[in-house]
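The values are calculated or read from the model by the stated rules, or taken from the named source; none is laboratory data. Predicted model only: the values in this text are computed from it and were never measured. Every residue, glycine as well, gets a Cβ built from its backbone with ideal geometry; the counts of neighbours run over all protein chains shown. What goes into the accessible areas is simple: the full protein's heavy atoms, side chains included, and nothing from ligands, DNA or RNA. Shrake-Rupley method; radii C 1.70, N 1.55, O 1.52, S 1.80 Å.
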Amino acid sequence: MVDAKRHTNSEFFGFFQSRLAGLGAESALKYKRTLSELDCFLAGHSLQLCDLDEAMVADWAAELIRRGLSRTTVVRHLNILNSLLKGASGKGMIPPDDAPRRMARSLESSASALPPLMAQPTFDAILSILREGMKRPVGRDTFLDIFLLSLLSGVMPLAEVAMLRKKDASRFDDAARSIIDSNMAPRRDFVFDLRQSYRTPAQIRAVVAEGLLRLFGRHVAMPADADPDALVRSVWVACAMRCGATASEALWCAGGSAPYAVPDFCVPADDVAEHRAMWMRAVNSLLVHEMPRWFAMHMRRGVAFDELRREIAENVHPAPELFYPCETIRKRVGKRTVVEDQPFISRTAFFRTRPESVLPMFHAIGDKAWCYRLSNSPGAPYAVISQRDMKRFQAAVGVFTPDIEVRPVGSITPKPGEPVIVVMAGYGNREGLVEEVLADGCGTAIFRVLLSTDYGYEWRVDVDARQLEAVR
C-alpha cells in the first residue's frame, strides 16, 4: 500500500543510501554515482522524485546523453534507479513503476544514431554560426537572418518570417529589429529579398530550405526534402537545454518535434506555458550575448573628442564605433562669421562594441574617459543603451550613425495627406500631416509636414524620414 504522504527527495535519498550497506564495494560505487547524477538532475531542475513519470525519466536520460555519457553508462544508471525505486515501492513510498527499466530497454535495442545537436562539437559549431550572424554589421546572409529571426521570436514559422512586411517590424524586440532593419530596402514592401511577388509559397519554402541546407548541411545531415522548421525547432530546443530547460519543457515551448536535438523517446511536457517567456529570454540571451551594444562614456576634464578618438584608434583593437552628435552653430564675432560644432550633450560620447570588450577598452583609455554604469558602485555592470532608445535619440537630435542612415524607415514611405508623428527634439511627439515629399527614392527622404496648435496656428517643418513615425 502506498503512503498518502508525498515524500521529499531527502527522504528518498536517505532510503536509497540505506540500501547500499549490503552491497559490495564495486557495486556500491556504481550506485553512488547513479545517486549523484540523479541528485544533480533533480536539484538542477527543481523536480521531485515522487512525481516520477515517463517524461521525467526521458529527460534524465537525454541530459545524461547530452553531457557525453555513453549509452551503456546511461542504461546502467537507469537500471540502478529502477532497482532503487522497486525497493521504495515495496516500502509504500511510491507507486510501482518500471519506467526506468523500459527506457533502458529502449536504449539497448535502438540502433539509430543520436541526434547531431546532442554532440557538443556540433552544437558549438551551430551556435558559433548564429552568433557570428548576429554580430555581422554588413554583408549579411538573408537565409541566416531568417533563421535567426525565427529563433529570436520563439520558433516563429519560417513561412511567416519569409513573408514579413515592414509594417510588422514594430512588434519585435531590439535584437530581432536589428535583423529586420538590416534587411529592409526603401522600395520593397517585404523585409527579406526573396522575390515574394514572383514566387508561390511553395517556391519560397523551397528557396529557404535550400539556403538553410547550404548553411547547416555540413553540421546536420538533412535530407533534401527535410522540413526546415524542424531544424529551427531543434536548434531552439538544443539552446533551451543548454540554458537549463529539460527536454520535455523545451519541446513543449518549441511547439513540435525536434529530431536533430533530442532522441525520439523524449516527449513534450503537459503544460509549461508559464515558463515559455523565461526560456525564450534565456535562448535569446545565449544568441546575442556577444552582439555589439551601445554604451555611453564621459570625457574627463580637459579631454577633447578628437583626442579621445585618436587614443582609441591607437590603443583599442578592434576599435568601437563612435558617435558624438553635434549641431553646427554659426555666430558673428566682430565682422567675421564663425562656424563651430556644439555637442548636444557636453563631454558625453557614445560607442558600440561587444560587452566583453568594454572593460579592456577602459583599461587602455581610462585616463581620457570613463563609462557609465548602472549604479555608482565600481563593480556595477556597464549601462547598455537599447537599440530602440539609441534610434529614438538619433531621431530626436537629427544626427545618425551609418547603420541607421543607410536604412529606410520602418514602414512604407508616407504619402501626402497621411498623418505622422514628429519625434524630432522640441516637438514633443506632435502629430502632423505630410504636405509634400521634397526628396524621394531613398530611406532619407525629406518631408514637409504641416503642424497646428490647439489655437488654430499652423506652421510647416521639413523633416528627415527617420524623424517620423506612423500613426497607429
Task: Note, ³J(HN,Hα) from phi for segment 232-237, Karplus 6.51, -1.76, 1.60, rounded to Hz, x at Gly and Pro - done: 4, 4, 5, 5, 5, 4
Open item on the list: Using a 7 Å offset from the Cα along the Cα-to-Cβ direction at both residue 32 and residue 319, what is the distance between the two label points in nm, to one decimal?
Closed with: 6.0 nm
Open item on the list: Angle check, please: helix 54-66 long axis (alpha carbons) against the longest principal axis of the chain (alpha carbons), in degrees 0 to 90, nearest 10.
Closed with: 70 degrees
Open item on the list: Per-residue counts of other Cβ atoms within 10 Å, averaged by peptide: what ranking do you get for 16-29, 176-189, 39-52, highest first?
Closed with: 176-189, 39-52, 16-29
TODO: Note down the relative contact order for segment 267-422 as a percent, whole number, built from C-alpha pairs under 8 angstrom at least six residues apart.
DONE: 28 percent
- [ ] With everything on Cα atoms, drop me the angle between helix 120-135 and the longest principal axis of the chain, reported from 0 to 90° to the nearest 10.
- [x] 10 degrees
Task: Modelled label reach - residue 386, point 7 Å along Cα→Cβ, segment 169-201 residues with backbone N closer than 13 Å - done: 170-178
Open item on the list: Suppose accessible area is computed on protein heavy atoms with a 1.4 Å probe; arrange 72, 353, 337 from highest to lowest.
Closed with: 72, 337, 353
Open item on the list: Once neighbouring chains are kept in place and the probe is 1.4 Å, which whole percent of the accessible area of segment 150-210 is contributed by carbon and sulfur?
Closed with: 49 percent
Open item on the list: I need the shape label for segment 28-71. Rule: rounded when a/c is under 1.5, else prolate if a/b > b/c, else oblate, with a, b, c from the alpha carbon gyration tensor.
Closed with: oblate
Task: Extension reserve of the residue 376-residue 48 stretch, reckoned as 0.36 nm per residue once the Cα distance is removed - done: 113.9 nm
Open item on the list: Let me check I've understood the local charge: for residue 307, count other residues with C-beta under 13 angstrom from its C-beta, Lys and Arg +1, Asp and Glu -1. What total comes out?
Closed with: +2
Open item on the list: Over the chain, what is the relative contact order in percent, taking alpha-carbon pairs closer than 8 angstrom and at least six residues apart?
Closed with: 12 percent
Task: Accessible solvent surface per residue of the chain, calculated while the other protein chains remain in place, 1.4 angstrom probe, Å² - done: 51 Å²
Task: Cα gyration tensor shape for segment 1-112, rounded if a/c is under 1.5, else prolate or oblate - done: prolate
Task: FRET efficiency, residue 311 to residue 167 (Cβ-Cβ, R0 60 Å, nearest 0.05) - done: 0.85
Open item on the list: Could you tell me how many cubic angstrom of Cα convex hull volume the chain has per residue?
Closed with: 232 Å³
- [ ] Can you check what the net charge comes to around residue 27, using other residues whose Cβ is under 12 Å from the Cβ of residue 27 (Lys, Arg +1; Asp, Glu -1)?
- [x] +4
- [ ] Could you work out how far helix 142-152 tilts from the main Cα principal axis of the chain, as a 0 to 90 degree angle to the nearest 10?
- [x] 60 degrees
TODO: Hey, can you grab everything whose amide H is under 5 Å from the amide H of residue 353? Only 5+ residues off in sequence or another chain; H modelled, so Pro and N-termini drop out.
DONE: 293, 295
Task: Local electrostatic count at residue 59 - Lys and Arg +1, Asp and Glu -1, tallied over other residues with Cβ under 12 Å - done: -4
TODO: Obtain the radius of gyration and the Kirkwood radius of segment 202-266 from its C-alpha atoms and give Rg over Rh.
DONE: 1.00
- [ ] Sort the following peptides by mean Cβ neighbour count (other Cβ atoms within 10 Å, averaged over residues), highest first: 251-263, 315-327.
- [x] 251-263, 315-327
Task: residue 346 versus residue 221: modelled label distance in nm, points set 7 Å from Cα along the beta carbon direction - done: 6.9 nm
Task: 222 nm mean residue ellipticity, helices alone, for the chain (DSSP H n ≥ 4; -39,500 (n - 2.57); rounded to 500) - done: -13500 deg cm²/dmol
Task: Computed label-point distance, nm, for sites residue 275 and residue 198 using a 7 Å Cα→Cβ extension - done: 4.8 nm
